[in-house]
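Here, each number is a calculation from the coordinates, and none is a lab measurement. Not measured: the values here are computed from a predicted model. A quick note on method: Cβ atoms are made from the backbone with ideal geometry, for glycine too, and the neighbour counts reach across all protein chains shown.
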Amino acid sequence: MSTISRFWTPANIQDFSNNTTQQTAMDAQWNTNLNGFTQQGIAGNPWNATNSPVASNYFNPLTDPSASSSAYVQITWSAFPGRIAAYFPTLSSTQQLELGDTGYLSSSNAAGQTVYTPFGNIPQTPCTPVATEQVPYGPYGPRGWQDEYCEWSVYRDAATNKIIRIDFTCENPEYWNTLWMIDPDQVLALYQQTLGKPQIQLADLQLMGSNGQSVIDPSTGRPVYNPLNKWNSGPVSTDSYGGAMHLTSTPNTLQTEIGLAGAATVQRIQSCEPNVGSPQNDLICCAQYGQLHRNSDPNIGYQTNQTVSGGYSVSLANPPGLYIQTPNFSTFAVPEGQTANPADFWQVVRGSDSLVDEFGNTMPGNFILHAAYEVPAELGFTVGDMTIQGQPINWGGQIVQQILMQIVAMGYAAPVAAAIPCVGTPDVSYAQPAQLFHQAVFTGLYATGISGVDFPMSLVSNSTLIAPLVAQGAVNVPMVLVCATVALGASGQLPAVSFSDPAISVSVVSAMPVTYAVPGNTYPSEYTALNIVVSVGASASLGLQDVYVTNVGQTQQAPMPSLLNIVSAI
């Protein structure tokens, strides 16, 4: 038995295959990220929830030697957003497809003008059947409603409006932020190649500040990556903007998926679960992970929970990721008189059809990261001239409905912790560290507004939990620590902040309220942003550091793992 050697990149893709030095750096940074995400997923919530313990039946394959002998469990779900039909069941199938593709319903008013109506309101607390408070349908953002870990964009003929090409992606934003940390020029090249758009420029991908200049990331000394840049924003693709390069809906992150799987391993006393229509959704409400009525979260969580209940410890298989499965093309048809095979128009642009793990085992399913569906121009017809189940392909969502997504879990026989009641609210809450930024990065992201579907949001909601880098010996580094359930003292005293290594010192300067969706959350919430100044001793330990935040008058609680990364130099 042995541990894994490192966390592989998604589908074990090698985006620096021609540069060994850069690929080694990419692999090392990715391994650090995934190790941190795994520690966060195991930690539970000891700050402001009851019955949210350490996930003792979720294991870290970097440190658990049973990784090599674990068996695989394939978990699949439909890629089309399940919450659309759940919350708007009276809409026709065409209307649901239009919402999936655009986020709007179109209609004509009395003057013959086209009117676009966004999603309606839905219950604010869907796990409470009698809830009356309503909120606009989320997640917000230019493609926020595509929340099944598969997002797509549609390129249409400008003259006929027929579909020419559809891009499908399940690539997590953490991976693309890591690529950018290693080499922005390679990110540019991959954008151009993957989307077939050589016109994309490096400046298009950078975060610009209010002064019109690039925001600089102290972790790298280079411009900050803009995850909602003009070529990865929205469901429409054109020659001048749009495309789906990686996931952008705020719940569609890999760190979130690991956290969901960790929370789902905790066994629950079934009599405590609410009754919201299915065991899968009941468990979502009881354990308080993910979103009700998605195809993904309830299914992933329930299958993970049931696997553990059979006497197993589990983890996401290496390489952790969300993966597109090849559709069944048997109901696709080309125009009459054509002889081409519809399956031939499916292009695996990134990822692979199969994968063998580092121990020589063939893993289940496909490991597709980015696919495109497009008819070669020389055939004389387009995707929009084809049919699925006899219906013209007018929407990208018609193909998405034929796609399954997957994660692969792995598990080994192990004792299972006793079942406990549902997650609840404690009598006393403690300050919860949520996310750490370099101050310049947070300021630039938070100040950048994004137009969603009839609901504005801040770009900081599309940040990641990749730990910012600070070098040994760095002095007076301005940072922002975002926290939940912070309470200032009676005279306005600020919380205390410290790191797991005492060689790192912190001064807390000020606090301010902020509202955004911490990555992984569907809706924005109110948090407290602590402006802090960090100094790192020359002898500080290299690697990930945990963060403690303690309200005035309270005792120190458990830290949030892996929010800071100490490196030898930048």
HN-Hα J in Hz across region 100-117 - Karplus 6.51, -1.76, 1.60, θ = phi - 60°, x for Gly and Pro: x, 7, 10, x, 9, 10, 9, 7, 10, 8, 4, 8, x, 8, 7, 10, 10, 10
Relative contact order (%) - the chain, alpha-carbon pairs under 8 angstrom, separation at least six: 19
Nearest 10 degrees, 0 to 90: helix 254-264 Cα axis against the chain principal axis: 70
Pair S451, Y241: separation of 7 Å Cα→Cβ label points (nm): 0.6
Protection proxy ranking of 293-302, 482-491, 40-49 - average other beta-carbon atoms within 10 Å, highest first: 293-302, 40-49, 482-491
Cα gyration tensor category, rounded, prolate or oblate, for region 16-173 with a/c compared to 1.5: oblate
Net charge contributed by nearby residues that have their C-beta within less than 15 Å of V314 (K/R +1, D/E -1): -2
Helix 297-309 vs. the chain, principal-axis angle (Cα, 0 to 90°, nearest 10): 60
Separation of the Q23 and S56 label points, Cα + 7 Å toward Cβ, nm: 4.2
Environment charge of S68, counting only residues whose C-beta is closer than 12 Å and scoring Lys/Arg +1, Asp/Glu -1: -3
Global geometry of region 432-567, whether rounded, prolate or oblate, following the gyration tensor of its Cα atoms and the 1.5 cut on a/c: oblate
For region 528-536, Karplus couplings with θ = phi - 60° (6.51, -1.76, 1.60), whole Hz, Gly/Pro x: 10, 9, 9, 7, 10, 10, 10, 10, 10
In sequence order, calculated HN-Hα J values of region 237-242 (Karplus, 6.51, -1.76, 1.60; Hz; x Gly/Pro): 10, 9, 6, 10, 6, x
Residues of region 389-421 with amide N under 19 Å of a point placed 7 Å along Cα→Cβ from A343: 389-390, 399-405
Neighbour-count order for T76, T128, fewest beta carbons within 10 angstrom listed first: T128, T76
Surrounding net charge for Q338, when Lys and Arg each add one and Asp and Glu each subtract one, Cβ distance under 14 Å: -4
Other-chain or far-sequence residues with amide H under 5 Å of A540's (modelled H): G473
Charged-residue dipole, Cβ positions (Lys, Arg, Asp, Glu), the chain about Cα centre, Debye nearest 20: 580
0 to 90° range, to nearest 10: angle between helix 173-182 axis and the chain longest Cα axis: 70
Net lengthening on full extension, A490/S210 (0.36 nm per residue, minus Cα-Cα): 97.2 nm
Residues with amide H under 5 Å from that of Y58, placed H, sequence gap 5 or more: V314
Whether the chain is rounded, prolate or oblate, judged on the alpha carbon gyration tensor where a/c under 1.5 counts as rounded: rounded
